[in-house]
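I have placed the structure first, in the form of structure tokens, so that the comments after it can refer back to it.
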2 protein chains.
Amino acid sequence: MAVNSPLPVAAELKPVNGFELGFAEAGIKKPNRKDLLVMTLAEGATVAGVFTTNRFCAAPVQVSKANLAAVAAGGKPIRALVVNTGNANAATGEPGLANARATCDEAARLLGIDAQQVLPFSTGVILEQLPVQKVIAGLPAAIANLKADNWFNAAEAIMTTDTQPKAASLTTHIGGHEVTMTGISKGAGMIKPNMATMLGYLAIDAKVAQPVLDELVRYAADRSFNAITIDGDTSTNDSFIVAATGTGGLAVDSLDHPDYEALRDAVTGISRHLAQQIIRDGEGATKFMTISVEQGRDMAECRKVAYAIAHSPLVKTAFFASDPNLGRILAAIGYAGIDDLDTSKLDLYLDDVLVARAGGRNPDYREEDGQRVMKNAEIVVRVLLGRGGAEATVWTCDLSHDYVSINADYRS
Amino acid sequence: MAVNSPLPVAAELKPVNGFELGFAEAGIKKPNRKDLLVMTLAEGATVAGVFTTNRFCAAPVQVSKANLAAVAAGGKPIRALVVNTGNANAATGEPGLANARATCDEAARLLGIDAQQVLPFSTGVILEQLPVQKVIAGLPAAIANLKADNWFNAAEAIMTTDTQPKAASLTTHIGGHEVTMTGISKGAGMIKPNMATMLGYLAIDAKVAQPVLDELVRYAADRSFNAITIDGDTSTNDSFIVAATGTGGLAVDSLDHPDYEALRDAVTGISRHLAQQIIRDGEGATKFMTISVEQGRDMAECRKVAYAIAHSPLVKTAFFASDPNLGRILAAIGYAGIDDLDTSKLDLYLDDVLVARAGGRNPDYREEDGQRVMKNAEIVVRVLLGRGGAEATVWTCDLSHDYVSINADYRS
């Protein structure tokens with residue numbers, strides 16, 4: 001089940017010059033299923049990424065971080081990305097690292113580049129060794145069908161418990177140049193800030209200097225992939241990668257460049273769109289909730305409150321039931337960890353309905369008004385803390401019977 | 001559904017001299033249901049409590065804390081406790097406080113004591129005003145049936161979403177004296193450290209000086225009610241109260257008293273028993289899980305890891321499914337927030353089965369061994385961090401379809 005999330009249309013996913021994608025059915029998890037994706041970048045492209053903060057960071061994440069660090073230290077640029085589903089290659093120790101490196105070795109050999117120029121990614125079950133021979137056996141087929149207009153197939157190839165592929169494309173004008181950007185994402189349960197079993201890949205045809213792209217990917221991630229949560233679990237494999245192929249007319253060589261902000265905002269916008277698709281396809285999700293916390297002292301405390309609400313199983317089941325049991329939201333705000341919170345200054349809105357005022361029930365609030373909003377598939381929870389001028393927004397979904405079913409049966 | 005939790009037997013709940021209990025059907029939530037409880041204490045009794053840290057601390061909690069503070073400041077001792085179910089009187093502002101005080105006023109008038117000598121408690125729906133006239137109308141009936149052997153009825157009277165009453169009783173010998181202690185508890189969902197919609201009341205017939213009892217209740221709570229969690233939500237109303245009637249032979253007047261430790265350990269043991277009954281009756285629970293984290297640098301980081309595991313919806317659904325998807329436990333350890341955790345020193349056991357060794361899959365681990373343990377109704381998850389000598393234990397339950405059903409339908 002997915003909340004108001006139309007399938008991306010293959011024809012609307014615009015190719016990005018200098019970026020090609022090829023897939024294969026490597027039989028890693030099940031037969032007859034796309035489970036391997038290779039992406040290649042033209043010479044001169046720059047690549048930046050953000051990765052999970054989980055201490056059980058998976059083997060491919062360790063290798064990808066090391067290979068990006070090698071570029072920063074003056075090594076050859078990244079020229080290819082390889083993604084497999086079906087196995088996360090996480091908590092697999094030294095054999096896991098060897099398997100991730102073997103994947104890079106073989107992809108590099110087939111593409112005629114160095115192994116350090118390949119970034120590997122995996123998603124799927126944890127604690128089981130990657131069937132690396134299947135990955136290696138699948139690479140030639142994936143490389144044979146590399147094409148610039150393979151985005152829709154690529155979106156399908158990286159799905160795990162996703163019920164639908166996730167992709168977005170945008171053409172805009174910045175500084176007099178046409179800029180095209182297209183991306184894909186995956187992830188359903190286990191999505192949370194600092195990322196989860198979540199993968200996102202975005203290609204843009206602008207030329208973006210490495211330090212600028214490093215800053216840009218962090219900025220966009222904080223306002224997109226790091227601001228979504230389904231169940232609070234952060235995975236071992238999450239990665240969000242932005243590649244700038246440099247094939248278009250726009251070139252941004254510093255953060256002071258007059259076109260930087262426009263490019264940053266466009267990238268943030270499409271990243272948010274890719275991230276929100278994950279929530280709309282959240283495991284068992286029937287509602288899409290925007291949690292907006294305003295009037296905090298700083299962004300950090302606003303995020304604390306937003307996540308306390310977004311992670312509360314009691315709040316999430318109440319939304320599933322369309323039950324305006326709004327006291328559960330107040331309780332979550334109360335335990336969010338703001339020790340000096342003055343609840344008598346706090347207001348709570350559900351869409352446009354003022355539910356609680358000055359920390360208590362709004363005398364004018366009528367149950368039927370709350371009920372009307374709760375029946376919607378998209379709901380905004382708005383908290384005014386009355387302490388300052390900072391704000392933060394988090395997106396999440398409800399907790400349904402289907403969430404339990406999907407996660408209880410995932411490996412069966 | 002409850003996990004291996006036999007009903008307490010009324011005849012085995014021993015009266016505690018100097019402590020009486022009376023109940024009524026006050027019609028606060030539904031007709032024909034015990035929903036009001038009055039407990040009275042003999043002259044000379046001492047009372048101490050720990051309360052929720054939720055910033056939306058309910059009106060009765062505010063009044064109870066103020067009345068205990070008045071005793072500490074030299075006021076008259078506490079002589080009565082009043083508990084209603086059906087309405088939490090939380091996030092109800094000034095009218096809520098007035099209603100909590102009106103409850104004390106009327107109980108005091110009927111019992112011939114001062115209003116400050118009464119502690120009020122409420123549990124139920126948040127954000128709705130307490131129907132205080134029903135509480136007041138029910139008090140005479142509750143007071144009329146005050147009896148020392150009403151513990152089982154009292155346990156039933158404080159139930160909300162509980163499927164069964166919770167109570168425990170113990171007679172032991174300390175320092176040559178027979179000591180009797182009997183307690184009741186309630187709470188199902190919304191249980192977490194620093195407490196939840198959880199109420200616990202324990203009476204002991206020893207004479208315990210106020211400062212000793214204050215320390216004792218904190219010590220016992222940290223190792224019982226503050227070490228259980230069902231869904232991570234902390235409520236507005238949680239309270240754990242210990243009353244020492246002073247009617248027995250044992251008297252402990254300081255923390256240096258030779259019998260203090262034995263008394264402390266007995267109280268901690270029965271408190272743990274009362275707390276664990278809440279987990280066994282957790283909303284929709286089918287499994288009872290003990291999460292034991294050892295070899296940490298300090299107790300705080302051990303608790304962080306234990307709670308990350310205990311709160312992970314992915315871990316909890318895997319236990320519900322009896323699926324040894326143990327990577328989910330490693331992932332939860334990885335995001336628990338220990339920034340310098342060296343995962344290569346970490347071992348993970350499921351009961352006696354060594355699942356992960358040195359941060360990776362134990363080469364000798366066989367899926368059928370994990371499967372065997374996961375089918376049990378009681379499971380111990382044991383994490384060895386390899387960093388030090390501290391440890392912490394937390395008790396929790398799985399996440400089932402019934403959890404969603406119960407919490408989606410709670411108010412209907």
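The values are calculated or read from the model by the stated rules, or taken from the named source; none is laboratory data. No experiment lies behind these values; they were computed from the predicted model shown. Quick reminder, even Gly has a Cβ in these numbers, built from the backbone with ideal geometry, and neighbours come from all protein chains shown. The area values use the complete protein model at the heavy-atom level, side chains included, leaving out ligands, DNA and RNA. Shrake-Rupley method; radii C 1.70, N 1.55, O 1.52, S 1.80 Å.
Numbers at a glance
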| quantity | calculated |
| --- | --- |
| Flag if A:V383 is more than 28 Å from B:A321 (Cβ to Cβ), at the interface with chain B (Cβ under 9 Å from one of its Cβ atoms) and modelled with pLDDT of 90 or more | no |
| Failed condition for A:G296, given (1) free of Cβ contacts under 8 Å to residues at least 40 places away in the same chain; (2) open to solvent by less than 10 Å² (accessible area, probe 1.4 Å) | (1) |
| Subset of the range B:110-156 that is open to solvent by 60 Å² or more (accessible area, probe 1.4 Å) and within 14 Å of chain A (Cβ to nearest Cβ) - its residue that is modelled with the highest pLDDT | B:Q129 |
| Complete set of residues in the range B:307-320 that are of a type in the set (S, T, Y) and open to solvent by less than 20 Å² (accessible area, probe 1.4 Å) | B:S312, B:T317 |
| Matching residues in the range A:359-374 - criterion: being modelled with pLDDT under 90 and either away from every other protein chain (no Cβ under 12 Å) or open to solvent by 30 Å² or more (accessible area, probe 1.4 Å) (or both) | A:R361, A:P363, A:E367 |
| Counted residues, the range B:49-65 - those being under 23 Å from B:L216 (Cβ atoms) and surrounded by fewer than 24 Cβ atoms within 10 Å (Cβ to Cβ) | 5 |
| Test result for B:D323, surrounded by fewer than 22 Cβ atoms within 10 Å (Cβ to Cβ), charged (D, E, K, R), in contact with a Phe, Trp or Tyr (Cβ under 9 Å, 6 or more places away or on another chain) and closer than 24 Å to A:E128 by Cβ | yes |
| Sole residue being of a type in the set (S, T, Y), in a loop (DSSP other than H, G, I, E, B) and open to solvent by 20 Å² or more (accessible area, probe 1.4 Å), chosen from A:S235, A:S254 | A:S254 |
| So B:A10, is it at pLDDT below 95, among the small types (G, A, S) and buried (at least 24 other Cβ atoms within 10 Å of the Cβ) | no |
| In the range A:190-204, the residues that are more than 14 Å from chain B (Cβ to nearest Cβ) and either within 11 Å of A:T52 (Cβ to Cβ) or modelled with pLDDT under 50 (or both) | A:L199 |
| Filtered residue count, the range B:15-48, keeping only those that are open to solvent by 30 Å² or more (accessible area, probe 1.4 Å) and not small (G, A, S) | 12 |
| Members of the range B:343-356 found to be more than 11 Å from A:F56 (Cβ to Cβ) and surrounded by fewer than 18 Cβ atoms within 10 Å (Cβ to Cβ), listed by number | B:K345, B:D351, B:D352, B:L354 |
| Sole exception among (1) under 29 Å from A:I329 (Cα atoms); (2) at pLDDT 95 or above for B:A2, by number | (2) |
| Residues of the range B:107-121 that turn out to be under 17 Å from B:F23 (Cβ atoms) and without any contact (Cβ under 8 Å) to a residue 60 or more places away in the chain, as a count | 2 |
| Verdict on A:S271 being at pLDDT 95 or above, part of a helix (DSSP H, G or I) and either open to solvent by 10 Å² or more (accessible area, probe 1.4 Å) or not hydrophobic (A, V, I, L, M, F, W, C) (or both) | yes |
| A:K316 within 12 Å of another protein chain (Cβ to nearest Cβ) and under 24 Å from B:G93 (Cα atoms) | no |
| Test: residue in the range B:277-286 that is open to solvent by 10 Å² or more (accessible area, probe 1.4 Å), under 28 Å from B:E20 (Cα atoms) and part of a helix (DSSP H, G or I) | yes |
| Single condition A:S322 does not satisfy, out of (1) farther than 19 Å from A:A390 by Cβ; (2) in contact with a strand residue (DSSP E or B) (Cβ under 8 Å, 6 or more places away or on another chain) | (2) |
